[in-house]
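Working notes, structure below.
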Amino acid sequence: MQQKAKLRKKYLKIRQDKYFDINKEFFSPLIKLVRKKIKKKHIIIGLYYPSNFELNVLKVLELKYFSNQTILLPVLEKNNLMNFYPWRKNEVLTVNEFGMLEPIKAKAKIPDVMIIPLLAFDKYKFRLGYGKGYYDRYLKKYIKQYKGILTVGVAFSFQKHHKLPINQNDARLDFILTDKGIY
């Protein structure tokens, strides 16, 4: 656990120091990936509202393909759980206990594709998050029920770590999208 805490601190600092703004083309490879893996015309995409030098996934909404899909954002719930609720660009958001923006609760939905933030990732497609386990718990719960959820971590290439310490609670992602390509 202490090793993960040290890595979190290290990669928070690295991300802050090396952060750069991306453009919508960063997400172009994601279109091809989603079309190949999800055989539906209309898909439901779980995003996150970026903060703390996280990669700006809202740029994905500038691409016509994604602007026509249903967008969800996570909302933290009781008992350290998380669910996804519909959101449209420029709709009002609320601030949760961690200072993160969330949509107003309506009816929770299960995404077809989840775009997931991270502090670091490794070649095995494990991610290091902030340590609260919200995404890992969500994935463990719903991946078993809904086999078709495509999980894509997004990061800058400098967030790659050779091998992250993992445990039985950590969920492996399907892909990692970076400025240098898809892993």
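Please return the ranges of strands (runs of 3 or more DSSP E) entirely within the stretch 88-133 where 3 or more residues are among the aliphatic types (A, V, I, L, M).
So the answer is 113-116.
What are the residues in the stretch 29-50 that are under 17 Å from the mean Cα position of the chain (by Cα), within 19 Å of residue 89 (Cα to Cα) and open to solvent by 40 Å² or more (accessible area, probe 1.4 Å), if any?
Across the stretch 29-50, the qualifying residue is only 49.
Taking the stretch 142-178 on its own, how many of its residues are more than 15 Å from the chain's Cα centre (by Cα), farther than 16 Å from residue 112 by Cβ and in contact (Cβ under 8 Å) with a residue 24 or more places away in the chain?
Number satisfying all stated conditions: 9.
Can you tell which of 63, 58, 72 is under 16 Å from residue 142 (Cα atoms) and either surrounded by 15 or more Cβ atoms within 10 Å (Cβ to Cβ) or not acidic (Asp, Glu) (or both)?
When all the criteria are applied, what remains is 72.
Out of the residues in the stretch 99-122 meeting the condition of being over 27 Å from residue 174 (Cα atoms) and surrounded by 12 or more Cβ atoms within 10 Å (Cβ to Cβ), tell me which one is modelled with the lowest pLDDT.
105
Starting from residues that are open to solvent by less than 40 Å² (accessible area, probe 1.4 Å) and assigned to a loop (DSSP other than H, G, I, E, B), keep the ones in the stretch 163-183 and report whichever is farthest from residue 33 (Cα to Cα).
Applying the filter and picking the extreme gives 165.
Taking the condition of being touching a helix residue (DSSP H, G or I) at 6+ places or on another chain (Cβ under 7 Å), outside any strand (DSSP E or B) and not charged (D, E, K, R), how many residues in the stretch 62-76 meet it?
4
Could you list, in sequence order, all residues of the stretch 1-27 that are of a type outside the set (D, E, K, R), surrounded by fewer than 14 Cβ atoms within 10 Å (Cβ to Cβ) and under 24 Å from residue 59 (Cβ atoms)? Lay out the reasoning, then the answer.
Applying the first criterion (of a type outside the set (D, E, K, R)) to the stretch 1-27 yields 1-3, 5, 7, 11-12, 14, 16, 19-20, 22-23, 26-27.
Narrowing the set further to residues that are surrounded by fewer than 14 Cβ atoms within 10 Å (Cβ to Cβ) leaves 1-3, 5, 16, 20, 23.
Once the filter is applied, which keeps residues that are of a type outside the set (D, E, K, R), surrounded by fewer than 14 Cβ atoms within 10 Å (Cβ to Cβ) and under 24 Å from residue 59 (Cβ atoms), the stretch 1-27 yields 16, 20, 23.
Within the group 52, 79, which residue is polar (S, T, N, Q), at pLDDT below 95, over 18 Å from residue 152 (Cα atoms) and not in a helix (DSSP H, G or I)?
52
The values are calculated or read from the model by the stated rules, or taken from the named source; none is laboratory data. All of these numbers come straight from a predicted model, not from anything done at the bench. In this analysis, Cβ positions are derived from the backbone assuming ideal geometry, glycine residues included, and neighbour counts consider all displayed protein chains. Remember, those area values only see protein heavy atoms, side chains included, never the ligands or the DNA or RNA. Shrake-Rupley method; radii C 1.70, N 1.55, O 1.52, S 1.80 Å.
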